[in-house]
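To start, the structure itself, in structure tokens.
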Amino acid sequence: MTTVSLSELTKLAQEALAAAGANASMATSTANALVFADAHGIATHGVSRVPCYAQHLSSGRADGAAEPRIVREKASAVLVDAGTGLAFPACELAISSAIQKAKQTGICIAGVTNSHHFGVAAYHLEPVAQENLIGLAFSNSPAAIPAWGGKRPLFGTNPIAAAFPRMQSAPVMIDLSLSQVARGKVILAARDNKPIPDGWALDSEGQPTNDAKAALKGSMQAAGGVKGAMLAMMVEVLCVALTGAKFGFEADPIYDEVGNKPMLGQVFILIDPQALAGEQVYFDRFESLILAMLEENGVRLPGARRHDLANTAKDEGVEIPDSLLMEMGYQAAERV
């Protein structure tokens with residue numbers, strides 16, 4: 001492992017993505033998002049994704065020349081077409097447009113279609129919370145979770161996130177996938193030839209497995225059993241039926257080098273507290289809940305640990321596997 005500053009890591013990721021065919025804005029926004037994940041202790045969604053994204057750019061599974069564009073909008077709604085490029089520029093456009101609309105009308109729903117893996121869900125809500133808006137984020141992903149009672153992967157792990165701003169403190173950020181664990185952890189275990197714990201996944205026959213590679217050919221166990229499977233279905237409907245994207249079972253796995261363009265969907269819902277009981281009422285009521293939670297020893301606010309890690313990473317950098325740094329370095333060196 002080597003400790004790398006956030007600025008150096010961002011530059012390396014940006015160069016590797018550009019070498020693979022990403023245009024300047026795509027390479028920059030993607031690198032920023034991935035390094036955010038590493039800084040917040042979420043290595044599964046950090047620069048470990050660069051080789052995969054670069055392969056998709058090189059093979060045509062993602063269009064590096066794509067420029068996101070707004071294809072439909074109303075007073076409180078906007079739909080952005082990612083053009084089958086990497087997701088981050090399109091999500092940025094959706095969020096910036098939704099912030100403006102939510103401030104005008106009190107609420108906005110922003111959809112992204114023909115998209116790709118969008119990384120850490122909460123990342124996209126950081127600018128929302130900075131504007132004192134409440135944000136919700138949803139994305140579908142390639143099939144990983146079976147419908148309840150089945151064994152065929154049908155729904156994605158389908159991350160969901162929420163950002164709740166506070167008056168004088170960091171926002172409360174909730175971020176989770178609807179599988180028992182993020183599939184990225186299984187991918188890393190398979191890469192490192194390590195077993196996975198009980199309860200994470202099923203093999204292709206629907207039987208529990210500790211073999212990460214068998215799990216990738218099978219399915220993930222839904223968080224909370226039937227409840228998690230139903231939530232995953234809800235996210236599929238929101239992110240696909242509303243945006244025209246592909247369902248999880250129609251998209252080839254992200255970690256495969258060969259496959260179709262994922263063309264996934266994302267949905268963001270932004271709410272201005274001022275439009276309801278009022279901003280001050282929101283802040284006062286929310287702070288009452290936080291104080292009640294923190295009265296009990298051992299309670300930690302959602303996202304607090306990640307926030308602390310990010311503050312440390314600003315000064316100290318993050319540890320990255322040497323093999324990954326070498327691979328990214330090779331990719332960056334290929335840039336003409």
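The values are calculated or read from the model by the stated rules, or taken from the named source; none is laboratory data. This structure is a prediction, so every number in the text was calculated from the model and none was measured. Cβ atoms come from the backbone with ideal geometry, glycine included; neighbour counts cover every protein chain shown.
The single condition among (1) at pLDDT below 95; (2) of a type outside the set (S, T, N, Q); (3) touching a Pro at 6+ places or on another chain (Cβ under 7 Å) that ALA147 does not satisfy is (3). Does VAL186 satisfy the condition of being out of contact with any His (no Cβ under 9 Å at 6 or more places or on another chain), closer than 27 Å to GLN266 by Cβ and either of a type in the set (Asp, Glu) or assigned by TED's automatic domain parsing to the domain that holds VAL120 (or both)? Here the answer is no, as VAL186 does not meet what is asked.
Considered as a group, the residues in the stretch 259-283 that are free of Cβ contacts under 8 Å to residues at least 24 places away in the same chain and in a loop (DSSP other than H, G, I, E, B) include one that is farthest from PRO127 (Cα to Cα), and that residue is ALA277. Against the test of being farther than 25 Å from VAL258 by Cβ and either modelled with pLDDT under 95 or within 20 Å of the chain's Cα centre (by Cα) (or both), the options GLY41, GLY64, GLY46 yield a single qualifying residue, GLY41.
When ALA121, ALA143 are screened for being among the aliphatic types (A, V, I, L, M) and buried (at least 24 other Cβ atoms within 10 Å of the Cβ), only ALA121 passes.
Among the candidates ALA313, ALA292, ALA232, ALA245, the residue that is of a type outside the set (Val, Ile, Thr), at pLDDT 95 or above and in a loop (DSSP other than H, G, I, E, B) is uniquely ALA245. Take the conditions free of Cβ contacts under 8 Å to residues at least 24 places away in the same chain, in the same structural domain as GLY156 (by TED's automatic domain parsing) and either of a type in the set (D, E, K, R) or in contact with a Gly (Cβ under 6 Å, 6 or more places away or on another chain) (or both) and apply them to LYS74. Does it pass? For LYS74, the condition - free of Cβ contacts under 8 Å to residues at least 24 places away in the same chain, in the same structural domain as GLY156 (by TED's automatic domain parsing) and either of a type in the set (D, E, K, R) or in contact with a Gly (Cβ under 6 Å, 6 or more places away or on another chain) (or both) - is met.
Residues that are touching a Pro at 6+ places or on another chain (Cβ under 7 Å) and either assigned by TED's automatic domain parsing to the domain that holds SER48 or loosely packed, with under 15 Cβ neighbours inside 10 Å (or both) occur at least once in the stretch 308-327. Residues of the stretch 284-318 being touching a residue at least 24 places away in the same chain (Cβ under 8 Å) and of a type in the set (D, E, K, R), which ones? Within the stretch 284-318, GLU287, ARG305, ARG306, LYS314, GLU316 qualify. Considering (1) out of contact with any strand residue (DSSP E or B) (no Cβ under 6 Å at 6 or more places or on another chain); (2) in the same structural domain as THR2 (by TED's automatic domain parsing), the lone condition that ALA275 does not fulfil carries the number (2). Residue-level check: of (1) of a type in the set (Ser, Thr, Tyr); (2) surrounded by 15 or more Cβ atoms within 10 Å (Cβ to Cβ); (3) over 27 Å from ASN114 (Cβ atoms), THR243 misses just (3). Being part of a helix (DSSP H, G or I), of a type in the set (Ser, Thr, Tyr) and within 14 Å of the chain's Cα centre (by Cα) is a description that does not apply to SER96.
Picking from residues in the stretch 177-199 that are surrounded by 18 or more Cβ atoms within 10 Å (Cβ to Cβ), in contact with a strand residue (DSSP E or B) (Cβ under 7 Å, 6 or more places away or on another chain) and not hydroxyl-bearing (Ser, Thr, Tyr), the one that is farthest from ILE95 (Cα to Cα) is VAL186. Can you confirm whether the stretch 54-62 contains a residue that is part of a loop (DSSP other than H, G, I, E, B), in contact (Cβ under 8 Å) with a residue 40 or more places away in the chain and buried (at least 20 other Cβ atoms within 10 Å of the Cβ)? Yes, the conditions are met somewhere in the stretch 54-62. Based on this model, can you work out whether VAL78 counts as over 19 Å from the mean Cα position of the chain (by Cα), in a strand (DSSP E or B), surrounded by 22 or more Cβ atoms within 10 Å (Cβ to Cβ) and at negative phi? Taking the combined requirement at face value, the residue satisfies it.
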